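A.B. asks: Supplied in structure tokens, the structure appears directly below.
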Amino acid sequence: MKHYQEAGTSADGPFSLVVTPESAGWGYSGLRVLELDGTQTVHTGDAEALVLPLSGSCTVSTDGLVCELAGRADVFDAITDFAYLPRDAEATITGRGRFALPSAKTEKRLPARYGPASGVPTELRGAGICSRQVNNYCLPHTFEADQLLVCEVLTPGGNWSSYPPHKHDEAREGETELEEIYYFEVADGGMGYQRVYGTVDRPIEVLAEVRSGDVVLIPHGWHGPSMAAPGYDLYYLNVMAGPGPERAWLICDDPAHAWVRETWEAEDIDPRLPFGRTP
């Protein structure tokens, strides 16, 4: 598996990014990014998926559902509405912009649905230079799905997120086994950095400079920090799925760095948050 993939290296037709379980070398998580100016038909196959506008707006028609996605100007502008596509579905997407299609293999077929922006919970995590914004689109407590977990994190320039480093690669009490995709966009043509590291038994080593359109694939190991370079706000879309019977996102902090959380009690949240038109 190539854990870091530069923008454009997996492009296929109208998709500027294609990550499948087969190309990633794992079992469940996938992501496509559709560059659209007109109409495109997509098939979900054996996976459930979202149509999540990164920029622009569109109409989605699938499985008896027709919905207008108002979208947004860009990922730093606002939370967006989205559509849920069941497995074994054909969807017609008409519009203009850039649209993420995060996906997860599933045996269960749920109905197609519209997800309004007003129903997406937002939280501000951390404090000080560890302040970040998390938009929880498709998590167990926010939107029904069978396997798919999707959120996005926005980090002001100069801050660290996905920190303390954490993992979710074992099925045990307090932790679930999940594969994870990080898809990045960086404001103003800038760059950020992503760290992933493993254990003696399950090694993995990534320290990647990331720019808009890059992805980092995390099959296992501690991941974090995600570092926003000063002057350049950092965005990443997280896509997760795994083999467990329970759809849950339970993480374990690296014990060497977990103490950092305690320092946030004496700090304020970065006043640059939340981003854009996010309430």
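A.B. asks: Find the percent of Cα-Cα distances in region 143-187 that exceed 13 Å, and round it to a whole number. Could the numbers behind the result be given before it?
C.D. replies: On the way: 699 of 990 pairs.
Looking at region 143-187, the distances longer than 13 Å represent 71 percent of pairs.
A.B. asks: Can you tell me the dipole magnitude for region 144-248 around its Cα centre, using point charges on the Cβ only (Lys, Arg +1; Asp, Glu -1), in Debye to the nearest 20?
C.D. replies: Values: 6 positive and 18 negative charges, 62 e Å.
Approximately 300 debye in magnitude.
A.B. asks: In µm²/s, what is D for region 240-279 at 10 °C and 1.306 mPa s, where D = kT/(6 pi eta Rh) by Stokes-Einstein and Rh is the Kirkwood radius from Cα pairs? Could the numbers behind the result be given before it?
C.D. replies: On the way: Rh = 14.1 Å.
For these conditions, the coefficient is 113 µm²/s.
A.B. asks: Which whole-number percent gives the relative contact order of region 109-208, counting Cα pairs below 8 Å spaced six or more residues apart? Before the final figure, lay out each step's value.
C.D. replies: On the way: 108 pairs, mean separation 14.8, N = 100.
Dividing the mean separation by the residue count of region 109-208 yields 15 percent.
A.B. asks: Could you give the distance between the Cα centres of region 73-135 and region 1-62, to the whole Å?
C.D. replies: Distance between centres, Cα-based: 13 Å.
A.B. asks: Here's something else I'd like to know. Assuming 0.36 nm per residue, please report the length gained on full extension of the stretch S118 to D88 beyond their Cα-Cα distance. Working shown, then result.
C.D. replies: Details: separation 30, 0.36 × 30 = 10.80 nm, distance 2.81 nm.
Here the answer is 8.0 nm.
A.B. asks: For region 151-199 and region 237-279, what is the centre-to-centre distance using only Cα atoms, to the nearest Å?
C.D. replies: If you average the Cα positions of each part, the centres end up 9 Å apart.
A.B. asks: In debye, nearest 20, what is the charge dipole magnitude of the chain about its Cα centre with +1 on Lys and Arg Cβ and -1 on Asp and Glu Cβ, if you could check? Mind showing how you got there, number by number?
C.D. replies: Numbers: 21 positive and 41 negative charges, 77 e Å.
Dipole about the Cα centre, nearest 20: 360 debye.
A.B. asks: With every protein chain left in place, what is the accessible area per residue of the chain in square angstrom, probe 1.4 Å? Intermediate results must be reported in sequence, preceding the final value.
C.D. replies: Values: 11520 Å² over 279 residues.
Per-residue value: 41 Å².
A.B. asks: Can you give the direction-averaged projected area of the convex hull of the alpha-carbon atoms in the chain, in nm²?
C.D. replies: Values: hull surface 54.5 nm².
The directionally averaged projection comes out at 13.6 nm².
A.B. asks: Under the 0.36 nm per residue contour assumption, what length would be gained going from the current alpha-carbon distance of R261 and E173 to full extension? Kindly include the intermediate steps, with their values, before the conclusion.
C.D. replies: On the way: separation 88, 0.36 × 88 = 31.68 nm, distance 2.09 nm.
Length gained, R261 through E173: 29.6 nm.
A.B. asks: Setting aside same-chain residues fewer than 8 positions from K167, which aspartates and glutamates have a Cα under 20 Å from its Cα?
C.D. replies: E152, E175, E177, E179, E180, D201, E205, E246, D253, D254, E262
A.B. asks: Sticking with this one: What is region 69-158's relative contact order, in percent, from Cα pairs under 8 angstrom and six or more apart in sequence? Please report the intermediate quantities before stating the final value.
C.D. replies: Details: 118 pairs, mean separation 21.4, N = 90.
24 percent.
A.B. asks: How long are the semi-axes of the equivalent ellipsoid of region 158-265, taking √(5λ) for every eigenvalue λ of the Cα gyration tensor, in whole Å from largest down? Please report the intermediate quantities before stating the final value.
C.D. replies: Values: eigenvalues 113, 55, 33 Å².
Three semi-axes, in Å: 24, 17, 13.
A.B. asks: In nm, give the distance between the simple-model label positions of V66 and I129, each being 7 Å from the Cα along the Cα-to-Cβ direction.
C.D. replies: 5.4
A.B. asks: Step through the residues of region 143-155 one at a time and calculate ³J(HN,Hα) from phi using the Karplus curve (6.51 cos²θ - 1.76 cosθ + 1.60, θ = phi - 60°), rounding each to whole Hz and writing x for Gly and Pro.
C.D. replies: Those phi angles translate into 7, 6, 8, 8, 10, 6, 10, 9, 8, 10, 10, 10, 10 Hz.
A.B. asks: Carbon-plus-sulfur fraction of the accessible area of region 126-279, 1.4 Å probe, in percent? Provide the component values of the computation, followed by the final result.
C.D. replies: Numbers: 3430 of 6340 Å².
The nonpolar share, carbon plus sulfur, comes to 54 percent.
A.B. asks: Now for a different question. I'd like the trypsin sites (Lys or Arg not before Pro) in region 199-263 restricted to DSSP loop residues with at most 13 other Cβ atoms within 10 Å, sorted by number. Numbers along the way, then the final one.
C.D. replies: Working: sites: R211, R247, R261; in loops: R211, R247.
Hits after loop and neighbour filter: nothing returned.
A.B. asks: Next question, about the same structure. Whole percent per 10 Å bin, from 0 to the bin with the longest distance: what is P(r) over all C-alpha pairs of region 1-106?
C.D. replies: Once binned at 10 Å, the Cα pair distances of region 1-106 give 16, 48, 32, 5.
A.B. asks: Based on the alpha-carbon gyration tensor of region 105-201 and its eigenvalue square roots a ≥ b ≥ c, which shape applies: rounded if a/c is under 1.5, prolate if not and a/b is larger than b/c, or oblate? Mind dumping the intermediate values first?
C.D. replies: Details: a/c = 1.90, a/b = 1.20, b/c = 1.58.
The shape class here is oblate.
A.B. asks: Under 10 Å, Cα contacts only: if you run a Gaussian network model on the chain, which one of T92, T62, T106 comes out with the highest mean-square fluctuation?
C.D. replies: T92
A.B. asks: Within region 28-133, report the chymotrypsin sites (Phe, Trp or Tyr not before Pro) that DSSP leaves as loop and that have at most 14 other Cβ atoms within 10 Å. If you can, show how the numbers build up before the last one.
C.D. replies: Working: sites: Y28, F76, F82, Y84, F99, Y114; in loops: Y28, F76.
Of the chymotrypsin sites (Phe, Trp or Tyr not before Pro), not one in the loops of region 28-133 has a Cβ with at most 14 other Cβ atoms within 10 Å.
A.B. asks: Using the Karplus equation 6.51 cos²θ - 1.76 cosθ + 1.60 (θ = phi - 60°), what ³J(HN,Hα) coupling, rounded to whole Hz, does each residue of region 178-184 give in order, writing x for Gly and Pro?
C.D. replies: Listing the rounded values in order: 9, 7, 9, 10, 10, 10, 10 Hz.
A.B. asks: When only DSSP loop residues count, what GluC sites (Glu not before Pro) in region 58-146 have their Cβ near at most 14 other Cβ atoms within 10 Å?
C.D. replies: Details: sites: E68, E90, E107, E123, E144; in loops: E107, E144.
Passing sites in region 58-146 are E107, E144.
A.B. asks: In whole percent, what relative contact order does the chain give with Cα contacts below 8 Å and a gap of six or more residues? Present the calculation step by step, with values, prior to reporting the outcome.
C.D. replies: On the way: 786 pairs, mean separation 56.8, N = 279.
Computed over the chain, the figure is 20 percent.
A.B. asks: Just check region 210-270 against the gyration tensor rule for me: Cα atoms, a ≥ b ≥ c as the square roots of the eigenvalues, rounded for a/c under 1.5, and otherwise prolate or oblate depending on whether a/b exceeds b/c.
C.D. replies: Working: a/c = 2.08, a/b = 1.15, b/c = 1.81.
Judged from the Cα gyration tensor, region 210-270 comes out oblate (a/c at least 1.5, b/c at or above a/b).
A.B. asks: Ignoring everything except DSSP H segments at least 4 long, calculate the 222 nm mean residue ellipticity for the chain; use -39,500 (n - 2.57) per segment, divide by total residues, nearest 500.
C.D. replies: On the way: 2 runs with 8 residues, N = 279.
After summing the helix terms and dividing by residue count, I get -500 deg cm²/dmol.
The values are calculated or read from the model by the stated rules, or taken from the named source; none is laboratory data. What you see is a predicted model; the values in this text were computed from it and never measured. Glycine also receives a Cβ, built like all others from the backbone with ideal geometry; neighbour counts cover every protein chain displayed. Keep in mind that these areas ignore ligands, DNA and RNA; they rest on the heavy atoms of the full protein, side chains included. Shrake-Rupley method; radii C 1.70, N 1.55, O 1.52, S 1.80 Å.
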